[in-house]
Amino acid sequence: MAQIDRDFSTVDARSKSNPTGKAVDMATLTKYLTEEYDNDFDKVRAIGVWIGNNIPLDIEAALQKKEEEALPTDIILRRMAGPGHHCHLFLAMCQEADIKCYKVRGYVKGRFYDEGDPFYISNHVWNVVQLDSTWYMVDMAWGSGSIESTKEVARPEDADKHDPNSHKLEWKQEFREAYFLAQPKDWIFTHLPADPMWQMSYHPMPLDTFENGNESVLSFLASNPTDTTLRYDRHLAKYDKSHSFYKPVYVAKNALEYNPRNHKLITYSSAGYALDLTESRTRNVSVCKQAKKHYLLALENAQLYKTDISAIYSHEKSKLTARHSEIMKPNKAYTTRNTKMIEGFGRESDKISERISRLSERAKGWEDKAKEATSDDLKDVDRPKKQREEADSLLQINLSIVEKNKPLIEEAMADSQRLRDSTLYFYKKMAQNWEFEHSYAPQIRQNMDLITQLNISYAKLKQIEPYGMRIDSFKNINIKGLEDHNDAILDTIDILLSEKAVKDSAAIAMIKENKKMVRQNKRMITTDMQEDDQYDALNQQLKNAYILKNQPYYDKMDYQKNLLHKLQEDRKIAIAENKVLDEQRDIEEKLYEKRVEFAKSLVDLRKAKLAELTTKCKDRMKIVDGILREAGEDD
């Protein structure tokens, strides 16, 4: 969209940083935002930037289409706008700043619009503002931010955008240049005024062109018509001269002529005008006639608008039903396909199981067949059964003898160990005796050397000679005793050694006997093992040959088993998919009911408001009829 080629950075900075204390009411805020500027562009920019950065949309009220009136100051203080409040606030602030601005009601292709939807009623309001004799479009509702799905509840691709309960929405606040001070021709793709006058074009685009989509709009613009079908400037001048109470009626009549389906505007504008005329219950006959005329016009169009409401509901319901069918059709098709696949898997699995059973029967008993076919070859290595049993019996007897002799051998070995320990003991004791005997010799030699060194006299030597004799005698006696003791020890050792020899010879004989039996058993076992190995080797060769012969059957069985496994896995997947599809159908059915219920609630709300307005008009018209009857003007 073409934008104004001006530098608004200073204006934007001041507008964004305004003190909170200045936003106490509409007049104070407007004065603060515009008092420093001497041109309307900067003033409008300051107002738009402040609204775009500070007034979010009440999403719940917008979804429920709660078009409630609100004073501009209340919107500023609440810092929250319902449907139409952005437009109303911008209009009030521009008028406060003496800037020419209007409110425009019309049709928009917003978030909840689907290409090709018919427009029975106008669904949005925005502003047109005149700056330097040029008209610009301003949509502060769209220019203040956007509705987005929250990150916590991501909106799926096929989620119903018309259902407020199908996904969680949040408002993202940001001033958006594209919807501020745009050229009227740039908005024709998304915004179409209900009154063609507000297109600010001498050749306004028809509603059906707008409804048919962007290609149709582009074709219309490319045609570049030069004829004049509407003097919007004259209509606007006439509109400006109209009474403020009548202006909505003027616009509504143009809108109804432009879109014969839009009876809502004429209904509410005529009723509002008539109610304003009779608000003071004037008894002026001409005023009452004018009021009655608009009451009748309002009631007549109210019936048509009631039909429009039903048509809107039918259209919304048909859209929901079509979308529901579009979602359910492939779901049911997939379920049916999976069900047939599951049944087919079952039948095919039964066939494969029978096939595997037949192959198994054909390959069964190959070992017995191999033995039977090669019985003559096996006789050469397979000893008679009786001979094998005798060898096994003898082997068991020999093993039992070995086990029986094992305690006797252990006992003999223990006795031999004990005799060895005793012999070692006596050898040690005899060695101690010899050591004791040899210990006397150095002592006597030392004593004799000592006597010689002292050079004792012969008389003295004679005197101590008996002592030396006594020492020699003691030595001889002890040595004799030790020799006798050693002889006794040697005798004991001889006895022990002879006993040990006897014991050892008995144990050795028993061990030799056991070794002989063990060697015999080993030979028998080795022979049996060799014969068994020969038999097993030949038998395995025969088995391998038969396996090789029957390998095609096993390959076929493996293939069939793998195929059966795959079928079973595919069947599980199909069953799981059907379960998911069933759950999705249940969810979709519930969502469809909620969507239809939501659309019905909007219809009931519109009908309730219309019924309230109709009742009020009828009650007020009775009063007008009474006044006219009294004046004789009841025709």
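Using 1/(1 + (r/R0)^6) with R0 = 56 angstrom and r between the beta carbons of SER244 and VAL580, what's the FRET efficiency to the nearest 0.05?
So, using R0 = 56 Å, E works out to roughly 0.40.
Please say if region 559-635 is rounded, prolate or oblate, where rounded means a/c under 1.5 for a ≥ b ≥ c the square roots of the C-alpha gyration tensor eigenvalues, and otherwise the choice is prolate for a/b larger than b/c and oblate otherwise?
Prolate, since a/c reaches 1.5 and a/b exceeds b/c.
If a paramagnetic tag sat 7 Å from the Cα of ARG337 along the Cα-Cβ line, which residues of region 551-592 would have the backbone N under 16 Å from that point?
570-571, 573-582
Please give, to one decimal in nm, the separation of the simple spin-label points placed at MET413 and GLN520, each 7 Å out from Cα toward the Cβ.
2.2
Within region 169-206, what residues put their amide N at less than 18 Å from the label point 7 Å along the Cα-to-Cβ vector of THR229?
Residues 185-206 fall inside that zone.
Taking the Cα centroid of region 100-139 and of region 591-635, what is the distance between the two, rounded to the nearest whole Å?
Taking the Cα centre of region 591-635 as reference, the centre of region 100-139 is 27 Å away.
With N set to the number of residues, divide the alpha-carbon radius of gyration of region 4-89 by 2.2 N^0.38 Å and report two decimals.
Rg over 2.2 N^0.38 Å, computed on Cα atoms: 1.14.
What distance in nm separates the two pseudo spin-label positions at ARG347 and GLU499, each 7 Å out from Cα along the beta-carbon direction?
Once both label points are built, they end up 9.9 nm from each other.
Quick one: length gained pulling LYS622 to SER133 fully straight, 0.36 nm per residue minus the C-alpha distance?
171.3 nm
Can you list, largest first and rounded to whole Å, the semi-axes you get for region 9-195 by taking the square root of 5 times each eigenvalue of its Cα gyration tensor?
Semi-axis lengths for region 9-195 are 28, 20, 15 Å.
Cα-Cα over 22 Å: which of LYS103/LYS247; LYS319/LYS340; LYS600/LYS622; LYS329/LYS594; LYS100/LYS172?
Violating the 22 Å Cα-Cα cut-off are LYS319/LYS340; LYS600/LYS622; LYS100/LYS172.
Read-outs throughout are calculated quantities, based only on the coordinates presented, and are distinct from any laboratory measurement. Everything numeric in this text was worked out from a predicted model, so none of it was measured. Counting neighbours? That spans all protein chains shown, and the Cβs are built from the backbone with ideal geometry, glycine included.
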